[in-house]
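*Asks:* Can you keep this structure in mind? I'll have questions shortly.
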Amino acid sequence: ANYPPGFSFVSSVPKAAAGTGAWDLGDIEPGGTRTVSINGTLSGEDGESRVVRFVAGNKKQGEIDQISAPLATSDVSLTLRKPFMSVEILLKGEHAATHAVFRGEKVNGTVRWINNLPNRVQNVSISLRLNGQAVDLFSVESQNGFYNSNTSSIVWDKSSNGEYADIGPGEFGSESFSFSILPQNKGVFKNAEITLTAGVSANRLTETNVPEAVQSSDTTKALVLTNVVLNAIAAHSGGALPLKAGFESRYLITWNIMNAGNAVANASVSGVLPPYVTYVGPAGGEPMSYAPAERTVTWTAGDITDGQSKTVSFIVSILPSVSQVGSEPDLITNQRLTGIDRFVRKEINATAPTIRTTVSSGAGTVLP
């Protein structure tokens, strides 16, 4: 599928094999059929026309999203029409098909509406439904609406705001709400998403004074980012302890990645050594690299599946000066993990605190 400008893909059945516009349908028998259903939103000006183009054919060898021999094409023309009443959901001030959220985060949202009719409308009712296991149902708040925990929905109508009894042509407004994502200690969720669906309904009188119902809706999703933790552990592995001026001390530094949630791609951990610390080399685990000019140690951890833990260790040495004796010099700073959340398709980051020379009995310790 080739989408026009203004189209935002939401979902499809079956799921796309690659990106949002390629499906692997397998072999099709004579007379057989296959169906792909696409759900998305199209934005633009009233009266604009857009075209979605579909191509079907033989899959290119080794490429899941490429067609080597097109067998059929079809164009679908769409014309945008302004609804009688418009409604849209904004999360964190942005109107989009999807939003990235963190475990434990409080998310602020707004439902905006406008009467596009040249006539007045009566009995306006606005609703917002939250659907997803990761929502903390006890955290849902709305300043003016009624929150029904049994249906996980908020309703704003003339009982909470008398102005909704009668709205003039072109009038607009908004309602605010908030909810929190369950923290990490409240369960493990893989590929968790929260679907928010807003609707607005009202009545208008037609030219023949016959009441007519008008309504509109909008949907967005909050995709929960994975929870990745970077642990930094140090242990004295040789030499003087406590530190002595002119005597080398060695430390074993261990990096541990723990991932709970979605799969992570292209994970990498780096840290910076102070000028007085020397990188000795790896001490087990996966390969590492050291850039002397930047004094940066890097571990390319690669892909990390849900629930997986990865560990690597390396050795550094310090030759203290007189000014450092009796203090706790830094061993490695700016420890940072980066990667891509495969489900949310967003970059993720995690940090670990600076490791210093204070350790207990030679055992590995997470240092402040």
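The values are calculated or read from the model by the stated rules, or taken from the named source; none is laboratory data. Owing to the predicted nature of the structure, the values given are computational and were not obtained by experimental measurement. Glycine also receives a Cβ, built like all others from the backbone with ideal geometry; neighbour counts cover every protein chain displayed. Each accessible area value is taken on the protein alone, full model and side chains, heavy atoms only, with ligands, DNA and RNA left out. Shrake-Rupley method; radii C 1.70, N 1.55, O 1.52, S 1.80 Å.
*Asks:* Given the conditions (1) open to solvent by 40 Å² or more (accessible area, probe 1.4 Å); (2) touching a Lys or Arg at 6+ places or on another chain (Cβ under 6 Å), which single one is not true for residue 129?
*Replies:* Of (1) open to solvent by 40 Å² or more (accessible area, probe 1.4 Å); (2) touching a Lys or Arg at 6+ places or on another chain (Cβ under 6 Å), only one is false for residue 129: (2).
*Asks:* List the pairs whose first member sits in the stretch 301-314 and is closer than 16 Å to residue 335 by Cα and in contact (Cβ under 8 Å) with a residue 24 or more places away in the chain, whose second member is open to solvent by 70 Å² or more (accessible area, probe 1.4 Å) and assigned to a strand (DSSP E or B), and whose Cβ atoms are under 8 Å apart, counting only residues at least 6 apart or on separate chains?
*Replies:* 312/282; 313/282; 314/282
*Asks:* Mind checking which strands (runs of 3 or more DSSP E) fall wholly inside the stretch 1-93 and carry at least 1 residues that are modelled with pLDDT of 90 or more and either open to solvent by less than 50 Å² (accessible area, probe 1.4 Å) or more than 30 Å from residue 128 (Cα to Cα) (or both)?
*Replies:* Numbers: elements: 7-13, 37-42, 49-59, 67-79, 85-91.
Fully inside the stretch 1-93 and qualifying: 7-13, 49-59, 67-79, 85-91.
*Asks:* Which one is surrounded by the most Cβ atoms within 10 Å (Cβ to Cβ), of the residues in the stretch 316-331 that are out of contact with any Pro (no Cβ under 8 Å at 6 or more places or on another chain) and not in a loop (DSSP other than H, G, I, E, B)?
*Replies:* 316
*Asks:* For residues in the stretch 283-308 being open to solvent by 40 Å² or more (accessible area, probe 1.4 Å) and part of a strand (DSSP E or B), which is farthest from residue 341 (Cα to Cα)?
*Replies:* 290
*Asks:* Given the options 20, 73, 79, 35, name the one that is closer than 30 Å to residue 122 by Cα and of a type outside the set (A, V, I, L, M, F, W, C).
*Replies:* Numbers: 20 fails: closer than 30 Å to residue 122 by Cα; 73 fails: closer than 30 Å to residue 122 by Cα; 35 fails: closer than 30 Å to residue 122 by Cα.
Going through 20, 73, 79, 35 in turn, the sole match is 79.
*Asks:* Okay, next question. I'd like to verify a number: residues in the stretch 71-86 that are closer than 23 Å to residue 5 by Cβ and touching a strand residue (DSSP E or B) at 6+ places or on another chain (Cβ under 6 Å), how many?
*Replies:* Kept after step one, since they are closer than 23 Å to residue 5 by Cβ, are these residues of the stretch 71-86: 73-83, 86.
Narrowing the set further to residues that are touching a strand residue (DSSP E or B) at 6+ places or on another chain (Cβ under 6 Å) leaves 73-79, 83, 86.
Count: 9.
*Asks:* Report the residue count in the stretch 94-107 for those that are open to solvent by 50 Å² or more (accessible area, probe 1.4 Å) and not in a strand (DSSP E or B). Break it down stepwise before answering.
*Replies:* As a first pass, look at the stretch 94-107 and keep what is open to solvent by 50 Å² or more (accessible area, probe 1.4 Å): 94-95, 98, 102, 106.
Next cut, not in a strand (DSSP E or B) only: 95, 102.
Residues that pass the stated criteria total 2.
*Asks:* Sticking with this structure for a sec: Tell me, please, whether a residue that is of a type in the set (Val, Ile, Thr) and touching a Gly at 6+ places or on another chain (Cβ under 9 Å) can be found in the stretch 137-160.
*Replies:* Filtering the stretch 137-160 down to residues of a type in the set (Val, Ile, Thr) leaves 140, 151, 154-155.
This time we only want the ones that are touching a Gly at 6+ places or on another chain (Cβ under 9 Å), so: 154-155.
Within the stretch 137-160, one or more residues are of a type in the set (Val, Ile, Thr) and touching a Gly at 6+ places or on another chain (Cβ under 9 Å).
*Asks:* Give me a count of the residues in the stretch 332-352 that are of a type outside the set (Ser, Thr, Tyr) and open to solvent by 70 Å² or more (accessible area, probe 1.4 Å). Spell out the reasoning first.
*Replies:* Residues of the stretch 332-352 that are of a type outside the set (Ser, Thr, Tyr), as a first pass: 332, 334-337, 339-350, 352.
With open to solvent by 70 Å² or more (accessible area, probe 1.4 Å) added as a condition, the list becomes 334, 336, 342, 345-347, 349.
Residues in the stretch 332-352 being of a type outside the set (Ser, Thr, Tyr) and open to solvent by 70 Å² or more (accessible area, probe 1.4 Å): 7 in total.
*Asks:* Related question: Does residue 335 count as of a type in the set (S, T, N, Q) and in contact (Cβ under 8 Å) with a residue 60 or more places away in the chain?
*Replies:* On the way: of a type in the set (S, T, N, Q): yes; in contact (Cβ under 8 Å) with a residue 60 or more places away in the chain: yes.
Yes: the conditions hold for residue 335.
*Asks:* Please enumerate the residues belonging to the stretch 271-282 that are in a loop (DSSP other than H, G, I, E, B) and surrounded by 15 or more Cβ atoms within 10 Å (Cβ to Cβ). Working first, answer last.
*Replies:* Residues of the stretch 271-282 that are in a loop (DSSP other than H, G, I, E, B), as a first pass: 273-276.
The answer is 273, and nothing else.
*Asks:* On the given criteria, is residue 143 over 19 Å from the mean Cα position of the chain (by Cα) and open to solvent by 70 Å² or more (accessible area, probe 1.4 Å)? Walk me through how you get there before you give the answer.
*Replies:* On the way: over 19 Å from the mean Cα position of the chain (by Cα): yes; open to solvent by 70 Å² or more (accessible area, probe 1.4 Å): yes.
So residue 143 passes the test.
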